[in-house]
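Take a look at the structure set out below.
What follows is calculated from the coordinates using simple rules that are stated; it is not laboratory data. These numbers were taken from a predicted model, which means no experiment stands behind them. Virtual Cβ from ideal backbone geometry, glycine too; neighbours counted across all protein chains shown.
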Ligand code: ZN
């Protein structure tokens, strides 16, 4: 995450210091005194199932171009997380989805993200690559390219969805396995 250097309000220089009464250092504008808070960003997405198969997208953009992922991305202002997850499914896979429930909440402190991953179903069978995808496809569980996934949290979300697929009962959201932060995948041949 690149920190701001200049004040978005007045263009003044930002310095990192601890405002009175605060217990964190903050970016404070030298000129106008505004405090610019830095907080984690929300990523929303879904593991989308259709007829026992899983929707995956092969990334056309960095990072991890060429690797497979679930449709997910940054939540936009004015959206609910469910709306954001549905938008991402359409943007990346031209998929119309129905959200079933929250599958997992993952914390990725290293890059300042909290990820809300839903379980969803295709509402219509049509899919196709959006501009950020090289291709999209539905995979049977055994055919998932586990070694070519883009991010550790994609791996976690798919494993979790696989474990509960076909089971009855309420959907209980998962969290980081073992409470640990995800370890970045080593760069693959195409990501190198
Ligand atoms: Zn300022």
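Observations on the model:
- Choice from 45, 179, 11 with maximal GNM fluctuation in the chain (Cα, 10 Å cutoff): 11
- On Cα atoms only, tilt of 81-93 relative to the major axis of the chain in degrees: 60 degrees
- Taking the longest Cα principal axis of the chain as reference, the axis of helix 152-164 is set at about 40 degrees.
- Taking the inverse of the mean 1/r over every pair of distinct Cα atoms in the chain gives a Kirkwood hydrodynamic radius of 18.2 Å.
- R0 of 30 Å, Cβ-Cβ distance residue 126-residue 172: FRET efficiency to nearest 0.05: 0.45
- Gain on full stretching of the segment that runs from residue 4 to residue 165 - 0.36 nm per residue minus C-alpha separation: 53.7 nm
- Selected from 38, 132, 100 as most flexible by GNM, with the chain as the system and alpha-carbon contacts under 10 Å: 38
- Relative intensity of the range 97-178 on a log10 scale, I(q)/I(0) at q = 0.17 Å⁻¹, equals -0.85, per a Debye sum over C-alpha point scatterers of equal strength in the absence of solvent.
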